[in-house]
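Okay, structure first, notes after.
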There are 2 protein chains.
Amino acid sequence: MSAYAIEIRVTPRRGLLDPQGKAIQHALDSLGFAGVGEVRAGKLLVIELEADSPDEAAARATRMCEKLLANPVTEDFAIEVGRDAAQPEAAT
Amino acid sequence: MSAYAIEIRVTPRRGLLDPQGKAIQHALDSLGFAGVGEVRAGKLLVIELEADSPDEAAARATRMCEKLLANPVTEDFAIEVGRDAAQPEAAT
């Protein structure tokens, strides 16, 4: 059993209205930032999860997204399983 | 002048209270997900930005974070400059 740091990105589905992104885009424009195109605003969740393997951790994170973390109608999600949080970082 | 896809992650600073993360942690627990440790909830922003170089794009995105996108007292931010959105993807 290891602890994995799971990173989940939840983003509004392409083509759907993203009012928060639009508001940020207008605010940047009002502050004088030029050259700003589309802004998309999503959520970034980092979850510490105990699992037997990276694959199991990813499978459970997918179920979490389907059940709670993402709206299946309006949002997409992507999952990235980070290194075992309990292991020291490997030398590079 | 190229259009870059800038990805900005804004996360609550370590050690500070993250009520949204706590709420998600409890909700996952209530739904029967076991082995869930700390949950941190942040924002993920994707901004299309016209700039002369990746370095210039990153510098402008940093100023945007300092001025608007991140709370300097409670949040950290990280910026990643993606490939030129106008160029076709390189073959790998």
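The values are calculated or read from the model by the stated rules, or taken from the named source; none is laboratory data. All of these numbers come straight from a predicted model, not from anything done at the bench. Every residue, glycine as well, gets a Cβ built from its backbone with ideal geometry; the counts of neighbours run over all protein chains shown. For accessibility, only protein heavy atoms count, side chains too; no ligands or nucleic acids. Shrake-Rupley method; radii C 1.70, N 1.55, O 1.52, S 1.80 Å.
A compact table of results
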read-out: Hits in the range A:38-59 - residues which are at the interface with another protein chain (Cβ under 8 Å from one of its Cβ atoms), open to solvent by 20 Å² or more (accessible area, probe 1.4 Å) and not charged (D, E, K, R); value: A:V46
read-out: Leading residue by the ranking (nearest to A:V10 (Cα to Cα)) among those in the range A:61-70 that are touching a residue at least 24 places away in the same chain (Cβ under 8 Å) and out of contact with any helix residue (DSSP H, G or I) (no Cβ under 8 Å at 6 or more places or on another chain); value: A:A70
read-out: Near pairs, Cβ below 7 angstrom, 6+ apart or cross-chain, from the range B:1-19 (closer than 15 Å to B:A51 by Cα) to any residue that is assigned to a loop (DSSP other than H, G, I, E, B) and of a type outside the set (S, T, Y); value: B:M1/B:D52; B:S2/B:A86; B:A3/B:A85; B:A3/B:A86; B:Y4/B:A85; B:A5/B:A85
read-out: Residues being surrounded by fewer than 21 Cβ atoms within 10 Å (Cβ to Cβ) and among the small types (G, A, S) - total across the range A:60-72; value: 0
read-out: Flag if A:A58 is free of Cβ contacts under 8 Å to residues at least 60 places away in the same chain, more than 26 Å from B:R14 (Cβ to Cβ) and hydrophobic (A, V, I, L, M, F, W, C); value: no
read-out: Any chance B:L49 is without any contact (Cβ under 8 Å) to a residue 60 or more places away in the chain and in contact with a Gly (Cβ under 8 Å, 6 or more places away or on another chain); value: yes
read-out: Matching entry among B:V81, B:V39 (being part of a strand (DSSP E or B) and in contact (Cβ under 8 Å) with a residue 24 or more places away in the chain); value: B:V81
read-out: Total residues in the range A:16-31, condition under 18 Å from B:A5 (Cα atoms) and open to solvent by 70 Å² or more (accessible area, probe 1.4 Å); value: 4
read-out: Test: residue in the range B:60-72 that is facing chain A (nearest Cβ under 9 Å), in a helix (DSSP H, G or I) and closer than 19 Å to A:M64 by Cα; value: no
